[in-house]
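*Asks:* Please read through the structure below; I'll follow up with questions.
The values are calculated or read from the model by the stated rules, or taken from the named source; none is laboratory data. Here the structure is a predicted model, which is why all the values come from computation and not from measurement. Positions of Cβ are generated from backbone atoms using ideal geometry, with glycine treated the same way; all protein chains shown enter the neighbour counts.
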Amino acid sequence: MIKLDIKHCWLISVSLFYLTGCDLAGLASKPKPDPRLQDGLVYCSEGNPENFNPQTTTSSITLDASARQVYDRLINYNSTTQEFEPGLATSWQTSDDGLTVDLFLRQDVAFHHTSYFKPTRSFNADDVIFSFNRWRLKSHPFHDVAPDYPFVQTQQLNLLIDDITALSPYHVQIKLVQPSSSFITQLTTDYMVILSAEYGHYLNLVDKKEQIDVLPVGTGPFYFAQYIPDEYIRFKAHPNYWDGKSKLDQLIFDITPKSSTRLAKLVTGECDVIAYPIASEMEILQDKAGITLQSRNAENIAFWAFNTLKPPFDKPEVRRALTRAIDLQTILKTVYYGMAFPAKSVIPPSSWGFNPNLTLYDYNPELAKKELEAAGIKAGFEMEIWAPHIERAYNPNSLKMAELIKANLAAVGIRVNIVDYEWTTLRKKLAAKEHDSVLIGWSADIPDPDNYLRPILSCTSAILGNNRAGWCNPEFDTLLIKAQLSENRETRKDLYFQAQSILNQQVPIVPIAHSMSFLAKQDNVFKVNFSAFSAISFRETEKL
Amino acid sequence: MFIYLIRRLNLLITTLFVISIISFSLGHLFPGDPVINFSGHPSLTYSEYQTISQQLALDKSYFEQYLVYLTRIFHGDFGVSFGSQKPIVDDFFRVLPASIELSFYALVVTLVISLPLGLWAGIKNNTLIDRVIFSIATVFNSIPIFWVGLLFILIFTLNTGWLPMSGRLNLLYEVPTITGFLLLDIGLSELPNKGYVYLDALHHLILPTITLAVLPVTLVIGMMRSSVIHVMGLPYIKAAQTKGLSSWQLISRHVFRNALLPIIPQFGLLFNTLVTSTMITEVIFSWPGIGHWIIEAIYQRDFPAIQAALFIVASMMISINVLLEIAHMLVNPLMRKEFNATK
């Protein structure tokens, strides 16, 4: 046996170990917070935005990332007081015949000064005309930059507006083809943003038109600084914001698709605010000191849409049978943990347009099986259910929901393949109508029953919008148009009741739930605007 | 010697060839149109489609297509990503430094910890110290790395709040990318109070680095230990001892060096473990490197990116392995002798 001097061995190993070890111990103690971190806010969002222009999309991720941070609207809607408030327009007036709307614009509103564009003038009527004409007129140089403008096209605002003129640099007049009860409300939505006409002209000159939606310039409280997909978006405070510079110097959207990771990052303080904590995590959040929850009304609908352009889903009897095969109670319990209302119709019960007299399809697998056989669907029939793998306000866990439906359908002899897509990819593929069925939903933009029906079920939306069922029923569409033209609420109510009966009969989509949605934040963060009918806004947010 | 080199190069080229074939066939095997899969442009007009189809020779035989594909690869053209619509090579080199940085620190930690421990365990063979070190190494060797990572997050992040759990730096610090290596970039940036930023970056580094180092550390401890035991039993150690060398001299001059030499070629193996573990670690700690990028590409069905990632990562690993082997042969005369003898 060799005799060794133990001391030396100790020295080598311990000193080496110590070199790394002491560093760790020293770093592990909490450092004093850097003042710079106090002036910025990290919002952990749930996915990649498609671009930074709300006009071109209805995806709430895109809206959250741009509508209320980068841009302003002419008029704002305050959901607490339920009143309109001046935005870029200081006042507005509708003529007695309802055909002319006069808007008086705010002066000295500065556009963003960014690394890619330096504005030379402030906001005026040209910008309003430029922004509205972009989605309104095919001849507009930027109209073809985006494939479509789903919100305005499904609301048919492009057809409603006859002409927009500037009577002076700060006075815009909009002429309508027919009176519209909801036009002013629609101006307050996330989609009615004001872009910079000067930026547009500049991009047109340098032939980089696509850049307008990717590198945005607006008048909003924050300007766009940087976006790295799957990582983060960086916004900085607009120093000359007309309503006073934001209390935050920086706003970061930390893109964190996994809900459990967002939750953990909130607990460790890496996120100041997180999007959509899911119901199963509520208990942890409620008990945690230093964290508060904010909730938002259930102004949304989660549904299961069949691609009605694809046999056998084109047959109403097949769709009805499939509806009967689904156990909605279990879904509400296991997916929503009771944080949702069962959906009896597409319109939630809180709305005046909700029809309480519909006969519902009760869960009845035996009957479903018989009906499927009668409709010619043999046992062993295979279908796909597509499900996005991120949480949405209306659906905390579409994959789990898909699993439950898969089990339900297995009981009636149908084999289901669940296809799970990333959000942006899913939306592209859905627009191409490649699916059999999809678990998706809709959040309302304005407090009007029409907003639940037209964007997701009308014929126009089947072509270019969010009608994921591809369903087009002329009778249903006529009812919607009649309702929109009418000023009388009772008449409208009656028309919406009829429309819902048609839906209940045809089942292009199976309504599942109206989910409450939540936002969780650190206690030192105040005034995050998280309310129904609006994308998230950090305009007034403070961090103490 | 020459023949040896030829053999190694042959191995390299054959493997690269097979990988390129696989990567090429993926373009056809992925669902969807090969023109779109190869180019990465999801919506093409008819004339664009025709042009690209001709450029890629997709209207010709598979063999010709493959040749065009190879030419493109040699020019570094892997098409554009579905997701970002930027050239994949750009995306790849944007995320690569983060992975290299992480692996490099893990490698340093590995060597600093495992070589002394392995040496110590080997010298004190069959004593309590040896058993303790060796059992701990075996335990950590058997634990899957993703579990270690989660465990660390649970202990050091969620329960104690000592360390952050994701990313390379607090996002509120805006460090311009110059080299892509964060610690260098912080130094090159013009931020005031860099101390805070460095501290934050180091905080973010600790957990991923340790998680990543766990497996290599245990492997190297094992290798080093058995190599030391082997060397210690050799006659020249006894001879050196009888000459009256102190233990310190004996270990530093003879045991350490001679024990290290045979395990150097196994570092190639270590490298493979490191690359695979880096990907897993990156996903756990949301570290914006290659692994994170590939996983996102898979979720987004970004076929051109998956295809390119497969080719680039696989070729990098094979090339480095072969280079390591050749380098080892050049520095270790014993290897050459063995090779000549068995020829």
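*Asks:* Please determine, by comparing only the residues of region A:240-271 that are acidic (Asp, Glu) and over 15 Å from A:LYS521 (Cβ atoms), which one is nearest to the other protein chains (Cβ to nearest Cβ).
*Replies:* Only one residue fits best here, namely A:ASP249.
*Asks:* Quick check, is B:VAL80 away from chain A (no Cβ under 14 Å), among the aliphatic types (A, V, I, L, M) and touching a residue at least 12 places away in the same chain (Cβ under 8 Å)? Quick ask: steps written out before the conclusion?
*Replies:* Details: away from chain A (no Cβ under 14 Å): no; among the aliphatic types (A, V, I, L, M): yes; touching a residue at least 12 places away in the same chain (Cβ under 8 Å): yes.
So B:VAL80 does not fit the description; no.
*Asks:* Could I ask something else about it? Looking at B:ILE145, B:ILE123, which one is under 30 Å from B:PHE256 (Cβ atoms) and more than 13 Å from every other protein chain (Cβ to nearest Cβ)?
*Replies:* Unique residue meeting the criteria: B:ILE145.
*Asks:* Quick check on my filter: what residues within region B:241-252 are surrounded by 11 or more Cβ atoms within 10 Å (Cβ to Cβ) and more than 10 Å from chain A (Cβ to nearest Cβ)?
*Replies:* Within region B:241-252, just B:LEU245 meets the criteria.
*Asks:* On the given criteria, is A:ILE174 surrounded by 19 or more Cβ atoms within 10 Å (Cβ to Cβ), within 25 Å of the chain's Cα centre (by Cα) and either part of a strand (DSSP E or B) or away from chain B (no Cβ under 14 Å) (or both)? Explain how you work it out, then say what you get.
*Replies:* Details: surrounded by 19 or more Cβ atoms within 10 Å (Cβ to Cβ): yes; within 25 Å of the chain's Cα centre (by Cα): no; either part of a strand (DSSP E or B) or away from chain B (no Cβ under 14 Å) (or both): yes.
No, not satisfied.
*Asks:* Determine which member of the set B:ILE155, B:ILE210, B:ILE206 is out of contact with any helix residue (DSSP H, G or I) (no Cβ under 9 Å at 6 or more places or on another chain) and at pLDDT 90 or above. Talk me through it step by step, then tell me what you get.
*Replies:* Details: B:ILE210 fails: out of contact with any helix residue (DSSP H, G or I) (no Cβ under 9 Å at 6 or more places or on another chain); B:ILE206 fails: out of contact with any helix residue (DSSP H, G or I) (no Cβ under 9 Å at 6 or more places or on another chain).
B:ILE155 is the lone residue from the list that is out of contact with any helix residue (DSSP H, G or I) (no Cβ under 9 Å at 6 or more places or on another chain) and at pLDDT 90 or above.
*Asks:* Filter region B:151-175 down to the residues that are more than 8 Å from every other protein chain (Cβ to nearest Cβ) and surrounded by 15 or more Cβ atoms within 10 Å (Cβ to Cβ), then identify the one that is nearest to A:ASP249 (Cα to Cα). Reasoning before the result, please.
*Replies:* Pass one, region B:151-175, residues more than 8 Å from every other protein chain (Cβ to nearest Cβ): B:151-152, B:154-155, B:159-160, B:168-169, B:175.
Cutting the leftovers down to surrounded by 15 or more Cβ atoms within 10 Å (Cβ to Cβ) gives us B:152, B:168-169, B:175.
Working: B:PHE152: 33, B:ARG168: 21, B:LEU169: 18, B:VAL175: 16 Å.
Residue satisfying both the conditions and the ranking: B:VAL175.
*Asks:* Restrict the check to region B:273-283 and report whether at least one residue is more than 12 Å from chain A (Cβ to nearest Cβ) and under 17 Å from B:VAL231 (Cβ atoms).
*Replies:* For region B:273-283, residues more than 12 Å from chain A (Cβ to nearest Cβ) and under 17 Å from B:VAL231 (Cβ atoms): absent.
*Asks:* Among what's in region B:83-120 and is within 21 Å of B:LEU261 (Cβ to Cβ) and free of Cβ contacts under 8 Å to residues at least 60 places away in the same chain, pick the residue that is farthest from the other protein chains (Cβ to nearest Cβ).
*Replies:* Looking at residues that are within 21 Å of B:LEU261 (Cβ to Cβ) and free of Cβ contacts under 8 Å to residues at least 60 places away in the same chain, I get B:VAL108.
*Asks:* Here are some residues: A:TRP386, A:TRP442. Which one is in a strand (DSSP E or B), buried (at least 16 other Cβ atoms within 10 Å of the Cβ) and touching a His at 6+ places or on another chain (Cβ under 8 Å)?
*Replies:* A:TRP386
*Asks:* Conditions: (1) closer than 19 Å to A:THR189 by Cβ; (2) in contact with a Ser or Thr (Cβ under 6 Å, 6 or more places away or on another chain); (3) surrounded by 23 or more Cβ atoms within 10 Å (Cβ to Cβ). A:ALA469 meets all but one. Number of the miss?
*Replies:* (1)
*Asks:* Continuing with this model, one more query. Here is a list of conditions, (1) in contact with a Leu (Cβ under 6 Å, 6 or more places away or on another chain); (2) surrounded by fewer than 17 Cβ atoms within 10 Å (Cβ to Cβ); (3) within 14 Å of chain B (Cβ to nearest Cβ), and A:LEU99 meets all of them except one; can you say which number that is?
*Replies:* Here A:LEU99 meets the rest and fails (3).
*Asks:* Assess whether A:PHE52 counts as being among the hydrophobic types (A, V, I, L, M, F, W, C), in contact with a Gly (Cβ under 7 Å, 6 or more places away or on another chain) and in contact (Cβ under 8 Å) with a residue 60 or more places away in the chain.
*Replies:* The answer is no for A:PHE52.
*Asks:* How many residues does region A:276-314 contain that are of a type in the set (Lys, Arg) and either without any contact (Cβ under 8 Å) to a residue 40 or more places away in the chain or touching a helix residue (DSSP H, G or I) at 6+ places or on another chain (Cβ under 9 Å) (or both)?
*Replies:* Residues of region A:276-314 of a type in the set (Lys, Arg): A:288, A:296, A:310.
From what's left, either without any contact (Cβ under 8 Å) to a residue 40 or more places away in the chain or touching a helix residue (DSSP H, G or I) at 6+ places or on another chain (Cβ under 9 Å) (or both): A:288.
Looking only at that region, the number is 1.
*Asks:* Which condition from (1) more than 15 Å from B:ALA297 (Cβ to Cβ); (2) of a type outside the set (Asp, Glu); (3) part of a helix (DSSP H, G or I) is the one that B:GLY76 breaks?
*Replies:* Result: B:GLY76 passes all but (3).
*Asks:* Right, here's the next one. Among what's in region A:200-220 and is away from chain B (no Cβ under 14 Å) and in contact with a strand residue (DSSP E or B) (Cβ under 7 Å, 6 or more places away or on another chain), pick the residue that is nearest to B:GLU296 (Cα to Cα).
*Replies:* Per the stated criteria, the residue is A:PRO216.
*Asks:* Evaluate region B:214-235: report whether one residue or more is assigned by TED's automatic domain parsing to the domain that holds B:PHE140, of a type in the set (Gly, Ala, Ser), over 22 Å from B:THR127 (Cβ atoms) and in contact (Cβ under 8 Å) with a residue 60 or more places away in the chain. Quick ask: steps written out before the conclusion?
*Replies:* Taking region B:214-235 first, the residues assigned by TED's automatic domain parsing to the domain that holds B:PHE140 are B:214-235.
Pick out the ones that are also of a type in the set (Gly, Ala, Ser) and you get B:222, B:226-227, B:233.
Imposing the further condition that a residue be over 22 Å from B:THR127 (Cβ atoms) reduces the set to none.
The answer is no, given that none of the residues of region B:214-235 is assigned by TED's automatic domain parsing to the domain that holds B:PHE140, of a type in the set (Gly, Ala, Ser), over 22 Å from B:THR127 (Cβ atoms) and in contact (Cβ under 8 Å) with a residue 60 or more places away in the chain.
*Asks:* Shifting gears a bit: Please pick out the residue among A:ASP213, A:ASP243 that is assigned to a loop (DSSP other than H, G, I, E, B) and touching a residue at least 40 places away in the same chain (Cβ under 8 Å).
*Replies:* Just one listed residue meets the conditions, A:ASP243.
*Asks:* Ok, one more. Please tell me if A:ARG392 is of a type in the set (Lys, Arg) and assigned to a loop (DSSP other than H, G, I, E, B).
*Replies:* So A:ARG392 fits the description; yes.
*Asks:* Could I ask something else about it? Please pick out the residue among B:ILE280, B:ILE295 that is free of Cβ contacts under 8 Å to residues at least 24 places away in the same chain and either in a helix (DSSP H, G or I) or under 10 Å from the mean Cα position of the chain (by Cα) (or both).
*Replies:* B:ILE295
*Asks:* While we're here: When the residues of region A:230-254 are narrowed to those that are closer than 29 Å to A:HIS143 by Cα and touching a helix residue (DSSP H, G or I) at 6+ places or on another chain (Cβ under 8 Å), which ends up surrounded by the fewest Cβ atoms within 10 Å (Cβ to Cβ)?
*Replies:* Applying the filter and picking the extreme gives A:ASP230.
*Asks:* Any idea which of (1) touching a helix residue (DSSP H, G or I) at 6+ places or on another chain (Cβ under 9 Å); (2) assigned to a loop (DSSP other than H, G, I, E, B); (3) within 14 Å of another protein chain (Cβ to nearest Cβ) is the one A:GLU434 doesn't satisfy?
*Replies:* A:GLU434 satisfies all of (1) touching a helix residue (DSSP H, G or I) at 6+ places or on another chain (Cβ under 9 Å); (2) assigned to a loop (DSSP other than H, G, I, E, B); (3) within 14 Å of another protein chain (Cβ to nearest Cβ) except (1).
*Asks:* Now for a separate question. Please go through region A:30-63 and pick out each residue that is within 12 Å of chain B (Cβ to nearest Cβ), modelled with pLDDT under 85 and either in a loop (DSSP other than H, G, I, E, B) or farther than 22 Å from B:TYR173 by Cα (or both).
*Replies:* A:LYS30, A:PRO31, A:LYS32, A:PRO33, A:ASP34
*Asks:* Within region B:286-308, which residues are at the interface with another protein chain (Cβ under 10 Å from one of its Cβ atoms) and under 17 Å from A:LYS265 (Cβ atoms)? Walk me through it before giving the result.
*Replies:* So in region B:286-308, the residues at the interface with another protein chain (Cβ under 10 Å from one of its Cβ atoms) come out as B:286, B:288, B:292-293, B:295-302.
Within region B:286-308, B:SER286, B:PRO288, B:HIS292 meet the criteria.
Every residue, every condition in (1) in contact with an Asp or Glu (Cβ under 7 Å, 6 or more places away or on another chain); (2) closer than 28 Å to A:THR261 by Cβ; (3) in a loop (DSSP other than H, G, I, E, B), yes or no:
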| site | (1), (2), (3) |
| --- | --- |
| B:ILE136 | no, no, no |
| B:TRP147 | no, yes, no |
| B:LEU150 | no, yes, no |
| B:LEU154 | no, yes, no |
| B:LEU163 | no, yes, yes |
| B:LEU171 | yes, yes, yes |
| B:VAL175 | yes, yes, yes |
